[in-house]
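The next block holds one structure in the form of structure tokens; read it before the comments.
The values are calculated or read from the model by the stated rules, or taken from the named source; none is laboratory data. A quick note: this is a predicted structure, and the numbers were derived from the prediction, not measured. So basically every Cβ, Gly included, is an ideal-geometry build from the backbone, and we count neighbours across all protein chains shown.
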Amino acid sequence: MRVHLSIFVFSLADDTVRERYAAEYARWRAPFVTLYRQLARELGIEGLDAKSVGEGFASAADALVQQQVIDPDLPTARMLRRLFDATVARAPGGPSSLAN
């Protein structure tokens, strides 16, 4: 986490580092977008904005990892599961609830 934060701080002052850092994060978020696209297909969810939801979920997961460094007791797995359930269940045409 310290290395991650150091690169982040360095990227604030260096455009080349910032661009490469942004590209790496985009690469990291891509599998979440793919996951939500596949879920939409498999669950028959019409109108799910997989790009926005997938990238949002990935960003939330990343932020929770940072917060867990500060508070190791933070229930990140439960928080992410609830977020996942809410994003899929509330998507247009999505199931009203998912099994845990």
**OP:** For the stretch 17-27, name all the residues that are aliphatic (A, V, I, L, M) and either surrounded by 12 or more Cβ atoms within 10 Å (Cβ to Cβ) or not in a helix (DSSP H, G or I) (or both).
**Re:** VAL17, ALA26
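Results for (1) surrounded by 13 or more Cβ atoms within 10 Å (Cβ to Cβ); (2) modelled with pLDDT of 95 or more; (3) in contact with a strand residue (DSSP E or B) (Cβ under 8 Å, 6 or more places away or on another chain); (4) not in a helix (DSSP H, G or I), shown as yes or no for each residue.
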{"site": "GLU46", "(1), (2), (3), (4)": "no, no, no, yes"}
{"site": "GLY54", "(1), (2), (3), (4)": "yes, yes, no, no"}
{"site": "ASP62", "(1), (2), (3), (4)": "yes, no, no, no"}
{"site": "ALA77", "(1), (2), (3), (4)": "no, no, no, no"}
{"site": "ARG82", "(1), (2), (3), (4)": "no, no, no, no"}
{"site": "SER96", "(1), (2), (3), (4)": "no, no, no, yes"}
{"site": "ALA99", "(1), (2), (3), (4)": "no, no, no, yes"}
Subject >> Sole residue being assigned to a helix (DSSP H, G or I) and at pLDDT below 95, chosen from ALA40, ALA30 >> reply: ALA40
Original post:
Applying the selection to the stretch 1-16, what residues are modelled with pLDDT under 95 and assigned to a helix (DSSP H, G or I)?
Top reply: ARG2, VAL3, HIS4, LEU5, SER6, ILE7, PHE8, VAL9, PHE10, SER11
Original post:
Tally time: how many residues in the stretch 1-33 are over 17 Å from VAL69 (Cα atoms) and either among the polar types (S, T, N, Q) or in contact with a Leu (Cβ under 8 Å, 6 or more places away or on another chain) (or both)?
Top reply: 3
